[in-house]
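The structure under discussion appears below in the form of structure tokens.
The values are calculated or read from the model by the stated rules, or taken from the named source; none is laboratory data. Given the structure is predicted, the values throughout are model-derived calculations rather than measurements. Neighbour counts run over all protein chains shown; Cβ positions are idealised from the backbone, glycine included.
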């Protein structure tokens, strides 16, 4: 069948046969272009999805003029943003101001490396995949703080500080949830984690602690990506638009894009760890059922799971009111963190005793 | 209390009680100097308990200005109208914003639109007009060739 | 939109909020003194939409001035007009036929529902829940369509006049209102589930913006703001007008005094309005919709005051007449003016996010305050 694995393998062998010296460089170039292309595509699709989902939840239609069913709306918006004047405020620190959006985008691209899109389609299957993702995602805070500081605007700085505090706090719960799955799997490598879900997804196999981990992880990543109900720093009607107030034109487009790609990435990680990544739904020993499930291509499984989680996160935004900053931090430090710690202990106990499916 | 009882009660402590006839509620005229003490007595107990000041109006009668205070009691449900006659050249009246907090804004409005000065008001400045506005817009003799259109 | 105005000696920050808002309150300019995130003082600067309506009315006839009040509190336009018509009728001793009274009360209650719906949508949007705004407007559209058929307008409905109402009811009115009632009853339960029962929403509203009973009376607050602090001030109960004394409905009061109590009072008031409309819609008496009055009205010399209960509180019309065809002095006692004066008292010590919640529950309509 036309699977990604075959395509990548055939390109790999062709390159090494044709250009033995420059093959690695060319491969990196192709991968880089694919990643940038994926970014652009994801941005297009996700922004439109957000607008359509929000519209249907608010009893209206959303964009439906540009292109069939509004599908070219984001393209039009991106073109508009590209042609806008990119203003730099007067007293801003020019170097940091221009660097911040790139920092955020580059971090998002780096995290894409270990994510497995389909069977055999992984840019870099390193042995500490999960740790790498956790570590690199923490770097995005630097980009946000840079943006807030370099804007020379008191309220941008305030928004950036709040955002920074929020992200740093919720990273703890997210990290602990991730570790609880690693405990079950026994390995940090992404392909191992997916392979261990051969006979069922960890969400079902790990029963109670896995479900608790999953719920905490979803809450924590909603807070990490500054989405409602935790969007105090950006959607405030009282204060300015947070750290990216002073940005306009293409730089703003990069921040905007990075936000949606971040959502995709965290949902991809959640899908990989809890829902099996590209692994089809297998139920233990039912070989007939498993064989049937295998007919659906693995890339489709992955995209289905990820977009389902993205839909859930979008659903949150249009349902819940916003939390105040002190309520937000209370939630993390007083509730989510103790529960995650306790859950981790429980999970370790279960893993040692073998009380999971 | 109905009108007669209220009238009797007021005559007890008012220095020179003078009532106006023909309104739907009991209307009493008071001197500007005596307003502070009378207001405190109206507010406090003894069957009066006028705790709700619901309307403060300034009226320009061309020869004089009048402040009209509409008071009611949430306990006894009786209403009283107090009128104070002021000299248009120097319209001054003691503030009651310490007794009824709602008067703070109402008195600012009366000052802004009519020019009545409330002595003792914590923050007497213009409310609706810009701070540099000259003149008292709601007065009958107010002339503004730019903004007013005379039919 | 936020702009630093200065710093006081203690190192506190003075910021401007408004006059342009993303939320639908109108042009309210607040100058807030902040110490960190905590509010030290809130000072409203008014007058951005001051149109000197009171002065304008001195040159309008008694039939004309009523419709200027629609533009004051545009969400309770029927009720404002009603108050003015009542004042003129009081002065001229006009007896309003029963059919007109019932029609007036029906229109008032529908307006109250529409106003509370917009308040609910805007309140939820301020707090962060963006979807209820659209649901609220869908309900408002239904009410506006009903009004449009009878009165001819959707927002500033110039329908009340001294002596009764301007036109008779549209033949479809009864049927449409009944359909709307059935539809709305299911929706209001949905709203309670979606927003009122939401734990995040309750966390934002409970314990925020406390107003004690004495302060509510002292600041002159009326309407749901005062009733949430347990002050009995519903004009429809205390000094009933039209047919309110013959109807069965409760005065909704809560003793919490915080934002959540004010929110609950309005939600329950919506249900009470539904029950009032229910009692009247099948019993609209036949007869005249307007008493016979002269074309040009002249009030006798004297003073007349009438009060009605709008969606925001007590709206008072005070006419001083010198016997002519135009009033000598009119004073409109607007409910928002007094409710706003309590904002500073309620907001001190809270955070900036709480200020938005408090302003939402006060249900301010700035043209009503500025006149």
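Looking at A:281, A:203, A:232, which is the one that is in contact (Cβ under 8 Å) with a residue 24 or more places away in the chain and assigned to a helix (DSSP H, G or I)?
Result of the check over A:281, A:203, A:232: A:203.
Within the range C:55-73, is even one residue surrounded by 24 or more Cβ atoms within 10 Å (Cβ to Cβ), in contact with a helix residue (DSSP H, G or I) (Cβ under 7 Å, 6 or more places away or on another chain) and more than 23 Å from residue B:59 (Cα to Cα)?
Looking through the range C:55-73, at least one residue is surrounded by 24 or more Cβ atoms within 10 Å (Cβ to Cβ), in contact with a helix residue (DSSP H, G or I) (Cβ under 7 Å, 6 or more places away or on another chain) and more than 23 Å from residue B:59 (Cα to Cα).
For the range C:334-362, name all the residues that are in a loop (DSSP other than H, G, I, E, B) and either at positive phi or surrounded by fewer than 22 Cβ atoms within 10 Å (Cβ to Cβ) (or both).
C:348, C:349, C:350 - these are the residues of the range C:334-362 that are in a loop (DSSP other than H, G, I, E, B) and either at positive phi or surrounded by fewer than 22 Cβ atoms within 10 Å (Cβ to Cβ) (or both).
Just to check your reading of the model, which residue among C:307, C:331 is within 13 Å of another protein chain (Cβ to nearest Cβ), over 21 Å from residue C:242 (Cβ atoms) and assigned to a strand (DSSP E or B)?
Testing whether each residue is within 13 Å of another protein chain (Cβ to nearest Cβ), over 21 Å from residue C:242 (Cβ atoms) and assigned to a strand (DSSP E or B) leaves just C:331.
Within the range A:308-331, which residues are away from chain C (no Cβ under 14 Å) and surrounded by 17 or more Cβ atoms within 10 Å (Cβ to Cβ)?
The answer is A:309, A:310, A:313.
Of everything in the range A:332-342 that's without any contact (Cβ under 8 Å) to a residue 12 or more places away in the chain and more than 29 Å from residue C:355 (Cβ to Cβ), which residue is nearest to the other protein chains (Cβ to nearest Cβ)?
Applying the filter and picking the extreme gives A:338.
Here are B:115, B:120: which of them is modelled with pLDDT under 90 and closer than 16 Å to residue B:35 by Cα?
Being modelled with pLDDT under 90 and closer than 16 Å to residue B:35 by Cα holds for just one of B:115, B:120, which is B:120.
Looking at this structure, is residue C:316 within 14 Å of another protein chain (Cβ to nearest Cβ), over 19 Å from residue C:126 (Cα atoms) and part of a loop (DSSP other than H, G, I, E, B)?
It is false that residue C:316 is within 14 Å of another protein chain (Cβ to nearest Cβ), over 19 Å from residue C:126 (Cα atoms) and part of a loop (DSSP other than H, G, I, E, B).
Does the range C:266-281 contain any residue that is modelled with pLDDT of 90 or more, in contact with a helix residue (DSSP H, G or I) (Cβ under 6 Å, 6 or more places away or on another chain) and closer than 29 Å to residue C:51 by Cβ?
yes
Inspect the range C:203-211 for any residue being closer than 25 Å to residue C:121 by Cα, crowded, with 16+ Cβ neighbours inside 10 Å and free of Cβ contacts under 8 Å to residues at least 12 places away in the same chain and give the result as yes or no.
Taking every residue of the range C:203-211 in turn, at least one turns out to be closer than 25 Å to residue C:121 by Cα, crowded, with 16+ Cβ neighbours inside 10 Å and free of Cβ contacts under 8 Å to residues at least 12 places away in the same chain.
Filter the range B:139-149 for residues that are out of contact with any strand residue (DSSP E or B) (no Cβ under 7 Å at 6 or more places or on another chain) and within 9 Å of chain C (Cβ to nearest Cβ) and give the result.
Kept after step one, since they are out of contact with any strand residue (DSSP E or B) (no Cβ under 7 Å at 6 or more places or on another chain), are these residues of the range B:139-149: B:141-149.
If the condition is that a residue be out of contact with any strand residue (DSSP E or B) (no Cβ under 7 Å at 6 or more places or on another chain) and within 9 Å of chain C (Cβ to nearest Cβ), then B:142, B:147, B:148 are the ones that fit.
Inspect all residues belonging to the range C:23-32 and state whether any of them is in a loop (DSSP other than H, G, I, E, B), more than 18 Å from the chain's Cα centre (by Cα) and away from chain B (no Cβ under 12 Å).
No, the range C:23-32 contains no residue that is in a loop (DSSP other than H, G, I, E, B), more than 18 Å from the chain's Cα centre (by Cα) and away from chain B (no Cβ under 12 Å).
In the range C:154-177, which residues are free of Cβ contacts under 8 Å to residues at least 40 places away in the same chain and surrounded by 14 or more Cβ atoms within 10 Å (Cβ to Cβ)? So that I can check it myself, show each step before the final result.
Initial filter on the range C:154-177 (free of Cβ contacts under 8 Å to residues at least 40 places away in the same chain): C:154, C:170-173, C:175-176.
Within the range C:154-177, C:154, C:170, C:173, C:176 qualify.
Quick check: anything in the range C:74-87 at negative phi and surrounded by fewer than 19 Cβ atoms within 10 Å (Cβ to Cβ)? Talk me through it step by step, then tell me what you get.
Here is the first cut: in the range C:74-87, the residues at negative phi are C:74-87.
From what's left, surrounded by fewer than 19 Cβ atoms within 10 Å (Cβ to Cβ): C:74.
Yes, that holds for at least one residue.
Within the range C:231-260, can you find the residues that are within 14 Å of chain B (Cβ to nearest Cβ) and either touching a residue at least 24 places away in the same chain (Cβ under 8 Å) or assigned to a loop (DSSP other than H, G, I, E, B) (or both)?
Correct list: C:231, C:232, C:233, C:234, C:235, C:239, C:240, C:241, C:251, C:253.
Quick check on the range B:1-21: of everything there that is assigned to a loop (DSSP other than H, G, I, E, B) and surrounded by 12 or more Cβ atoms within 10 Å (Cβ to Cβ), which residue is nearest to the other protein chains (Cβ to nearest Cβ)?
The qualifying residue nearest to the other protein chains (Cβ to nearest Cβ) is B:1.
Yes or no, residue by residue, for (1) within 14 Å of another protein chain (Cβ to nearest Cβ); (2) within 19 Å of the chain's Cα centre (by Cα); (3) not in a helix (DSSP H, G or I):
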site: C:89; (1), (2), (3): yes, no, no
site: C:115; (1), (2), (3): no, yes, no
site: C:119; (1), (2), (3): no, yes, no
site: C:123; (1), (2), (3): yes, yes, no
site: C:134; (1), (2), (3): yes, no, no
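Quick check on residue A:178: is it modelled with pLDDT of 90 or more, crowded, with 20+ Cβ neighbours inside 10 Å and either farther than 30 Å from residue A:292 by Cβ or more than 17 Å from the chain's Cα centre (by Cα) (or both)?
yes
Take residue A:157 and decide whether it is touching a helix residue (DSSP H, G or I) at 6+ places or on another chain (Cβ under 7 Å) and surrounded by fewer than 19 Cβ atoms within 10 Å (Cβ to Cβ). Lay out the reasoning, then the answer.
Values: touching a helix residue (DSSP H, G or I) at 6+ places or on another chain (Cβ under 7 Å): yes; surrounded by fewer than 19 Cβ atoms within 10 Å (Cβ to Cβ): yes.
Criteria met by residue A:157.
When the residues of the range C:281-304 are narrowed to those that are within 23 Å of residue B:25 (Cα to Cα) and more than 28 Å from the chain's Cα centre (by Cα), which ends up farthest from the other protein chains (Cβ to nearest Cβ)?
Taking the candidates together, the pick is C:298.
Residue by residue through the range B:114-132, note down the ones that are assigned to a loop (DSSP other than H, G, I, E, B), within 11 Å of another protein chain (Cβ to nearest Cβ) and touching a residue at least 12 places away in the same chain (Cβ under 8 Å). If you could, list the steps in order and put the result at the bottom.
First, the residues of the range B:114-132 that are assigned to a loop (DSSP other than H, G, I, E, B): B:115-116, B:120-132.
Among the residues that remain, those that are also within 11 Å of another protein chain (Cβ to nearest Cβ) are: B:123, B:125-131.
Matches in the range B:114-132: B:123, B:125, B:126, B:127, B:128, B:129.
The conditions are (1) out of contact with any helix residue (DSSP H, G or I) (no Cβ under 8 Å at 6 or more places or on another chain); (2) in contact (Cβ under 8 Å) with a residue 12 or more places away in the chain, and residue C:300 fails exactly one of them. Which is it?
Among (1) out of contact with any helix residue (DSSP H, G or I) (no Cβ under 8 Å at 6 or more places or on another chain); (2) in contact (Cβ under 8 Å) with a residue 12 or more places away in the chain, residue C:300 violates only (1).
If a residue must be more than 14 Å from chain C (Cβ to nearest Cβ) and touching a residue at least 60 places away in the same chain (Cβ under 8 Å), how many such residues does the range B:87-106 contain?
Residues in the range B:87-106 being more than 14 Å from chain C (Cβ to nearest Cβ) and touching a residue at least 60 places away in the same chain (Cβ under 8 Å): 3 in total.
From C:51, C:63, which residue is more than 14 Å from every other protein chain (Cβ to nearest Cβ), farther than 15 Å from residue C:333 by Cα and over 15 Å from the mean Cα position of the chain (by Cα)?
C:63
Inside the range C:334-369, can you point out the residues that are within 11 Å of another protein chain (Cβ to nearest Cβ) and out of contact with any helix residue (DSSP H, G or I) (no Cβ under 9 Å at 6 or more places or on another chain)?
Passing the criteria: C:344, C:352.
Out of A:236, A:224, report the one residue that is modelled with pLDDT under 85, buried (at least 21 other Cβ atoms within 10 Å of the Cβ) and touching a helix residue (DSSP H, G or I) at 6+ places or on another chain (Cβ under 8 Å).
Answer to the check: A:236.
From (1) out of contact with any strand residue (DSSP E or B) (no Cβ under 6 Å at 6 or more places or on another chain); (2) farther than 18 Å from residue A:357 by Cβ; (3) modelled with pLDDT under 85, pick out the condition that doesn't hold for residue A:206.
(2)
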